[in-house]
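The values are calculated or read from the model by the stated rules, or taken from the named source; none is laboratory data. The model shown is predicted, which means the values in this text are computed figures rather than measured ones. Positions of Cβ are generated from backbone atoms using ideal geometry, with glycine treated the same way; all protein chains shown enter the neighbour counts.
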Amino acid sequence: MIESLRPSQLSSMAKEEGIEPDERMRKVLTAWRLFFTNNHADEIERLNGLEERVFGLEVEHSLICLNDTLRTEFHTRPEWTLDIGNMVLKEQVMEGNDSRLVIRVVNFSKNHHFSLDELRMRHRSAMLTFDVIISPLGGPLGWIKRAVYECNECGHRSEIKQRLAREREAPKMCFSCIDIFAAKNKGELPPYPPRDIKLMVEDCYYEDIEYLNLRQISIDDTGNLIHLGDEKYIGVINDEYVGELVTGSIHRINAEIAVDHLPNRDFIKDTRRIILLNIHSIEESPFNVSNASEMSIELEE
Ligand SMILES: [Zn+2]
């Protein structure tokens, strides 16, 4: 069945594809620009001179809390707010430099500190801090973070941001072909949606990621590990953290709580979900753990 085009459908889809910043986004853009100028100008300049592919810019949580706009938006929509901040950082990397700066918020205030063993689905979307023992799971891999498509008819290219471990999203039709048809036909819409569109595999933007097993730790005053969490949770790291963590290492992590499908199941066909920790930043553990090596033996399986 060939579905026909309705003008209302067109305008709502064009809006989805559009990248015009709205009022709220403009406010956050301005707030980040000012924030980096006031707090990180020297550091950004220094990092700009380095050769690394991706490097993290550590941003204090307390500084974000001092800024009204960033405090509200970061705590309501962390991923969106960080994406905008990373866009601002992109503007500040010198031209011709291939490297990329990413925000890593660290030292979250006490009210973000939590225990993995108490984590439930209701905490979804929250940004929380955990003290954990880590073991990498399966090694580094990549995923298509932004897919690039090209229309076979008119050559128009478009980019669609994807979500990790979800069905890949593709354009539903080519708006450029619709415009071309309308221009030639006194504003008429084409009789059926133009959708001869291909994925440009080589031009997509790929991100490095790695999955980790995480277990909550508790430590006494003398630095002895007194308790290892019962359950293992799965976390995912990206960019400069990939390949850097070793089994049995103890870290403080800051993660956005998300959901994922069961391993070997399909996200769309199976409704059961597990908690996934989207690890935003990793810090040195504040604890000087004396018996970590004995405890980490239990992690090997
Ligand atoms: Zn086209």
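Summary of computed values
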read-out	value
Residue selected from region 148-163 under the condition assigned to a loop (DSSP other than H, G, I, E, B) and within 14 Å of the ligand (Cβ to nearest atom), by the criterion nearest to the chain's Cα centre (by Cα)	His156
Residue satisfying condition, being surrounded by 19 or more Cβ atoms within 10 Å (Cβ to Cβ) and either more than 15 Å from Ile133 (Cβ to Cβ) or of a type outside the set (A, V, I, L, M) (or both), within set Val259, Val236, Val201	Val236
Residue check for Thr76: of a type in the set (S, T, N, Q), exposed (fewer than 14 other Cβ atoms within 10 Å of the Cβ), more than 28 Å from Ile250 (Cβ to Cβ) and under 16 Å from the mean Cα position of the chain (by Cα)	yes
Filtered residues of region 23-51 (kept if closer than 14 Å to Lys90 by Cα and either among the aliphatic types (A, V, I, L, M) or outside the structural domain of Asp98 (by TED's automatic domain parsing) (or both))	Leu29, Ala41, Ile44, Leu47
Subset of region 94-114 [touching a strand residue (DSSP E or B) at 6+ places or on another chain (Cβ under 6 Å) and either surrounded by 15 or more Cβ atoms within 10 Å (Cβ to Cβ) or closer than 21 Å to Trp80 by Cα (or both)]	Arg100, Leu101, Val102, Ile103, Arg104, Val105, Val106, Asn107, Phe108, His112, Phe114
Residue ID - modelled with the highest pLDDT, chosen from residues in region 221-246 that are of a type in the set (Val, Ile, Thr) and not in a strand (DSSP E or B)	Val242
Residue selected from region 44-57 under the condition assigned to a helix (DSSP H, G or I) and surrounded by 14 or more Cβ atoms within 10 Å (Cβ to Cβ), by the criterion modelled with the highest pLDDT	Ile44
Scan of region 51-69 for residues that are more than 16 Å from Glu244 (Cβ to Cβ) and of a type in the set (A, V, I, L, M, F, W, C), ordered by number	Leu57, Val59, Leu63, Ile64, Cys65, Leu66
Boolean, Glu60 is modelled with pLDDT of 95 or more, of a type in the set (Asp, Glu) and farther than 16 Å from Glu91 by Cβ	yes
Qualifying residue in region 148-156 (condition: assigned by TED's automatic domain parsing to the domain that holds Thr37 and surrounded by fewer than 12 Cβ atoms within 10 Å (Cβ to Cβ))	no
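Listed here are the residues, each with its yes/no results for (1) closer than 25 Å to Arg77 by Cβ; (2) at pLDDT 95 or above; (3) away from the ligand (no atom under 16 Å from the Cβ).
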{"site": "Ser135", "(1), (2), (3)": "no, no, yes"}
{"site": "Cys174", "(1), (2), (3)": "no, yes, no"}
{"site": "Ala183", "(1), (2), (3)": "no, yes, no"}
{"site": "Gly187", "(1), (2), (3)": "no, no, yes"}
{"site": "Asp196", "(1), (2), (3)": "no, yes, no"}
{"site": "Val201", "(1), (2), (3)": "no, yes, yes"}
{"site": "Asp208", "(1), (2), (3)": "yes, yes, yes"}
